[in-house]
Amino acid sequence: MEEKFETLKLKYKVHKYSSFSAHYVPENILVNNPADQLSRWFTDSSTASQFIILKLHSSAIVETIKFGKYIKPHVSDLKKFQVYGGTDENNLSLLLTAGLRKDNLAEIFRLRHRTTEGLFLPVKYIKIVPLQSWGPASNYTIWYVELEGKNQEELISNIMETINMRKEEEAVRILLKHLRRRRYKDAFEALSRESGVQLEGHMQARLWNALVENGDYKLAERTFEECARDGELDWYMSWQPYSPEWRKLCGCSAQVEERLCCGEAAPEVHARAQDLSCADRDPRLEGADVALNGNEVVESCFISCGAACANRPGPRGGHQLVVDSNTGTLYLFGGWNGTEDLDDLWSFDTCMERWTLLCRHSGMLGGPSPRSCHKMVFDPINEKLYTLGRYLDNAQRTPSNLNSDLYVYSVRMAEWSLVMSDTAAAGGPCLVFDHQMCIDPDTSTIYVFGGRVLPANTEESASPQYSGLYAYYIQTNTWQQLLPDNHDLPAPQPRVSHSMLFHPIQRRLYIFAGQRNKEQLLDVWWYEAGSGRCGALCVGACAPPAAGFTQRATIDPDTDEIFVLSGMSKEKDRRVYNTLWVLSLRRLTWSCVYRNETVSPQDPRPRFAHQLVYDPVRKIHYLFGGNPGTTSSPRLRLDDLWSLRLIRPALERVVRIARAAIREACYRELAEDPAHAAKALDYLRHELSDVTDHNDPEQVAHFQRLATALFAGATHEDSGPAPLSPRRVRDLARRRAALPAPADLARALAAVLGAEDTIPEATQPFEEATLPDVDTWDVGRDDEDSPRDNSWDTLRCHQLRTLWTLSLYKGKKRREEVIQVKYKLIMLVIKVIIYVDLYRGGTGERIGDTVFEGQPALDKIGREWPRPRDGRNCADRRRGLDPTAPARGGDSVPTKPRTTNITRTRWTKVDGRGPQHNNERIN
């Protein structure tokens, strides 16, 4: 439904702000005037409490926010800020955490506009919170803000209706959970039937009935095993974290190990002209004191290392590694060994764990020339390798070398062949490096996206040119441009240092992160093959991995997960570390499963410019080569090969743990009853022992501690609130009546009843409940009253705890709403308390500015309060009169009541020493 609505520029006004200085009013951000230094909002403080709230003319789905800037960098520009949004200005959600570059170019950021469940997030208010400026202790400046999104009435109405229904469903589910746990069975069934909301699935309800209602542990165990067989635990298993398991298939050669341990002399420093660099080959380090051009320093080539190179490939970076998922074979081609480009082709048999040299010098056998920073894909149907692109030093960029050639290697024929000498002449990309390439084997289509177009001279390198998205159709040998460079479409912009993957089931391309000019990108896009539709993914609350050099990404089409292995940090310290992140396309969440910054024998050495591939059939990653980033050996490259398995807890292990939890709960219930001690001991020795892994020290220690439950006896645990009944309600009323009256009844009642709250009244008027007459209240405990029966709670205590362990759902906390009580109800309750106090012999209280005391108080209360069942009012009761009784000497009522002595207490302050009282007798 979203696609048919156009993205519009949204109108807004300034709603609130924290402060401003002089003429730099907040309304200046409505006008984009980059040449006017006064056209901005400028705070009068640099504290963290500064903010500005924008109010949209109507609720909308805000997709992007644009920040304009001054014609030159300004010290008060926002280096870091946050954006919040929502329909209630007092309850806003975090939409963005970002920062502006210190330049004069406007920046556009995508805002989170979906909830974690995938529902649209409507926004009425936008709150911008500055956190840090570029200048030290400088105030904050915002020059211009522009919002874009969708505010069509049909779309917003549908979204609001969906959200309201979702809120109502969740509220009913929380009520159902409470009613069932308190055993209000009739209310639970009535609410479930009336609303149509089911608290849980059929299997979960069976588990509740077996474990909690009936206490049948064996039935609960069988029910849980049936749930596992029927796939009820699949979603739960998908949330379990991975555990990495590395295995060294081929270690570093002796020459590499020696240089890793001993290092080498630093090469001579040479001046370097302005030129491009390839991150896969030699990343341009700011402030580096070593030259990284291959023509500057000549070293001994690692390839000529004697007999070792006859059995395995030499060390390298900027190479290409692909996997044949049919056979599990790896193919390695080219790269940079620190001195020169390579053109050797190798294969690795993962079953035999052995390297095989397919071609020592491909360029001499009709194949591609030595190269690095190229890309290669494998066609599993036709068993062919395709390679495109390369990096050239400035001295090598002659017109004859700038052609973009496309080569193919046939595994069956064991030969290279030139497919196309210049792809640009056929409508394809120019000669590029640092691009991405993937293949759709079902349609025989190769996709090429991004990369830097290699310039012919150093003058052209000052204005970078990027390559768009291209499709190469193998069967027709033709190219098609799908996305150009620097477009205005809602699609990813061409870039470098990014990742692109093809999902064969969804038939989508996924593009992640990268760099364009000086901007670091952390976005995730999808592009649908065939239709050309594309969109941006929202990654939820979890932050994506930080930007880095030479990140490597793979995809598992079965679990819909993308794996990203980082390389060298792009921060100033340029640290070399490896972190493995997982993006779940189903949940749209990131999670970090592996991080390595140190050298250990069990894990591969941290590196960048490496290659990582994934075998989706065998569920194994393979890592080869790379640059360790050692300062003592800047030209050193690695030649080790590792395999990585990401292991989640097996379903059988989860079932075994659940079975042990159920049996432990049954054992503890038996151990609490001394009469069943022998039965509990036998259950411990046989039933619990069978589900305990006696090779696991932790499980053995826990099993041994369970024997102490036999000697602990019954444990009296607080099982929480109990359901109400008429007897418990009367008991609660007695306890309330026994409480001492507060010093200030009016203020205490106002606090309890919420009279000072600013929450709107309920839409339905309150019904004034008729309180029971004072005469009917229980003065003491009934003979039939008995202490609270905790048998059910005690019996099911361990069962409830076990069910919570096995439960497959979780309730969400919801804030309880407090409703303001009318002033009329407050006064009614005040009268009740005064009435009770006077009935028990009280002398009056001060209520607000009115003093109820003595005879006037009795008359006032007696007139306004309804008569009790015996017909006497309050004043008659205090005087001892009975209107139903005959008068003395006749039928007439005495004209003068009997005199009653009442003491009135008055408090005074004497000499500032505190209150004193004087008693006056009233006749």
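Across the range 658-682, what is the total count of residues that are part of a helix (DSSP H, G or I) and either more than 38 Å from the chain's Cα centre (by Cα) or surrounded by fewer than 16 Cβ atoms within 10 Å (Cβ to Cβ) (or both)?
Within the range 658-682, residues that are part of a helix (DSSP H, G or I) and either more than 38 Å from the chain's Cα centre (by Cα) or surrounded by fewer than 16 Cβ atoms within 10 Å (Cβ to Cβ) (or both) number 13.
List pairs: first residue in the range 683-696 and part of a helix (DSSP H, G or I), second residue among the acidic types (Asp, Glu) anywhere in the structure, Cβ distance under 9 angstrom, at least six positions apart or on different chains.
From the range 683-696, the pairs are Leu688/Glu664.
Of all residues in the range 355-384, which are farther than 13 Å from Trp416 by Cα and either out of contact with any strand residue (DSSP E or B) (no Cβ under 7 Å at 6 or more places or on another chain) or assigned to a helix (DSSP H, G or I) (or both)?
Of everything in the range 355-384, those that are farther than 13 Å from Trp416 by Cα and either out of contact with any strand residue (DSSP E or B) (no Cβ under 7 Å at 6 or more places or on another chain) or assigned to a helix (DSSP H, G or I) (or both) turn out to be Ile381, Asn382.
Of everything in the range 330-353, what is over 26 Å from Met568 (Cβ atoms), surrounded by fewer than 19 Cβ atoms within 10 Å (Cβ to Cβ) and touching a Cys at 6+ places or on another chain (Cβ under 9 Å)? Give them in sequence order.
Glu353
What number goes with the only condition from (1) surrounded by fewer than 17 Cβ atoms within 10 Å (Cβ to Cβ); (2) within 40 Å of the chain's Cα centre (by Cα) that Gln436 does not pass?
Condition not satisfied by Gln436: (1).
All but one of (1) in contact with a Pro (Cβ under 8 Å, 6 or more places away or on another chain); (2) surrounded by 15 or more Cβ atoms within 10 Å (Cβ to Cβ) hold for Arg645, so report the exception by its number.
Just one mismatch for Arg645, condition (2).
In this structure, does Lys127 turn out to be among the basic types (Lys, Arg), at pLDDT 90 or above and part of a strand (DSSP E or B)? Even if it seems obvious, please write down each step before you answer.
Working: among the basic types (Lys, Arg): yes; at pLDDT 90 or above: yes; part of a strand (DSSP E or B): yes.
Considered against the rule, which asks whether it is among the basic types (Lys, Arg), at pLDDT 90 or above and part of a strand (DSSP E or B), Lys127 comes out as yes.
For Ser362, are the conditions met, namely being more than 20 Å from Val496 (Cα to Cα), surrounded by fewer than 21 Cβ atoms within 10 Å (Cβ to Cβ) and hydroxyl-bearing (Ser, Thr, Tyr)?
no
So Tyr614 passes all but one of these: (1) under 32 Å from the mean Cα position of the chain (by Cα); (2) without any contact (Cβ under 8 Å) to a residue 24 or more places away in the chain. Which condition number does it fail?
(2)
Just wondering, is there one or more residues in the range 136-143 that are on the phi > 0 side of the Ramachandran plot and either in contact with a Ser or Thr (Cβ under 8 Å, 6 or more places away or on another chain) or in contact (Cβ under 8 Å) with a residue 40 or more places away in the chain (or both)?
yes
Just checking, how many residues over the range 108-124 are assigned to a loop (DSSP other than H, G, I, E, B), touching a Leu at 6+ places or on another chain (Cβ under 9 Å) and in contact (Cβ under 8 Å) with a residue 24 or more places away in the chain?
Final tally of qualifying residues: 6.
Yes/no matrix, rows are residues, columns are (1) touching a Ser or Thr at 6+ places or on another chain (Cβ under 6 Å); (2) not aliphatic (A, V, I, L, M):
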site	(1), (2)
His57	no, yes
Gln82	yes, yes
Gly85	no, yes
Leu94	no, no
Arg101	no, yes
Thr115	no, yes
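To keep it simple, each residue is scored yes or no on (1) in contact (Cβ under 8 Å) with a residue 12 or more places away in the chain; (2) over 29 Å from the mean Cα position of the chain (by Cα); (3) under 22 Å from Tyr125 (Cβ atoms); (4) surrounded by fewer than 18 Cβ atoms within 10 Å (Cβ to Cβ).
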position	(1), (2), (3), (4)
Phe5	yes, no, yes, yes
Ser18	yes, yes, yes, yes
Ala22	yes, yes, no, yes
Pro26	yes, yes, yes, no
Ile29	yes, yes, yes, no
Ser39	yes, yes, no, no
Ile52	yes, no, yes, no
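Give the residues of the range 193-219 that are more than 30 Å from Glu687 (Cα to Cα), part of a helix (DSSP H, G or I) and within 31 Å of the chain's Cα centre (by Cα), sorted by residue number.
Passing the criteria: only Ser195.
Which residues, counting only those in the range 35-64, are in a strand (DSSP E or B) and of a type in the set (Gly, Ala, Ser)?
Residues satisfying the conditions are Ser58, Ser59, Ala60.
Give me the pairs: first residue in the range 589-605 and small (Gly, Ala, Ser), second residue loosely packed, with under 15 Cβ neighbours inside 10 Å and assigned to a loop (DSSP other than H, G, I, E, B), beta-carbon distance under 7 Å, and six or more apart or on different chains, which are they?
Every condition considered, the pairs that remain are Ser591/Pro241.
Considering only residues that are surrounded by fewer than 16 Cβ atoms within 10 Å (Cβ to Cβ) and touching a helix residue (DSSP H, G or I) at 6+ places or on another chain (Cβ under 8 Å), which ones fall in the range 365-396?
The answer is Ser369, and nothing else.
Can you name the residue in the range 460-519 that is assigned to a loop (DSSP other than H, G, I, E, B) and aliphatic (A, V, I, L, M) and is also farthest from Phe5 (Cα to Cα) among such residues?
First, pick out the residues of the range 460-519 that are assigned to a loop (DSSP other than H, G, I, E, B): 463-465, 467-468, 474-477, 484-495, 497-498, 504-507, 517-518.
From the residues that got through so far, the ones that are aliphatic (A, V, I, L, M) too are 474, 489, 491, 505.
Details: Ile474: 37, Leu489: 15, Ala491: 16, Ile505: 28 Å.
Per the stated criteria, the residue is Ile474.
Here are Glu200, Glu225, Glu221: which of them is crowded, with 18+ Cβ neighbours inside 10 Å and touching a residue at least 40 places away in the same chain (Cβ under 8 Å)?
Residue meeting the stated conditions: Glu221.
Looking for something outside any strand (DSSP E or B), outside the structural domain of Ile65 (by TED's automatic domain parsing) and either of a type in the set (Ser, Thr, Tyr) or touching a Gly at 6+ places or on another chain (Cβ under 7 Å) (or both) - is there at least one such residue anywhere in the range 144-162?
Looking for residues that are outside any strand (DSSP E or B), outside the structural domain of Ile65 (by TED's automatic domain parsing) and either of a type in the set (Ser, Thr, Tyr) or touching a Gly at 6+ places or on another chain (Cβ under 7 Å) (or both), one finds at least one in the range 144-162, hence yes.
Enumerate the pairs (first residue in the range 231-243 and closer than 30 Å to Asn596 by Cα; second residue anywhere and modelled with pLDDT of 85 or more and among the β-branched types (Val, Ile, Thr)) with beta-carbon separation below 6 Å, excluding pairs fewer than 6 apart on the same chain, so at least 6 apart or on different chains.
Between residues of the range 231-243 that are closer than 30 Å to Asn596 by Cα and residues that are modelled with pLDDT of 85 or more and among the β-branched types (Val, Ile, Thr), the close pairs are Tyr242/Val593; Ser243/Ile647.
The values are calculated or read from the model by the stated rules, or taken from the named source; none is laboratory data. Model, not experiment: these values are computed from the prediction. Neighbour counts run over all protein chains shown; Cβ positions are idealised from the backbone, glycine included.
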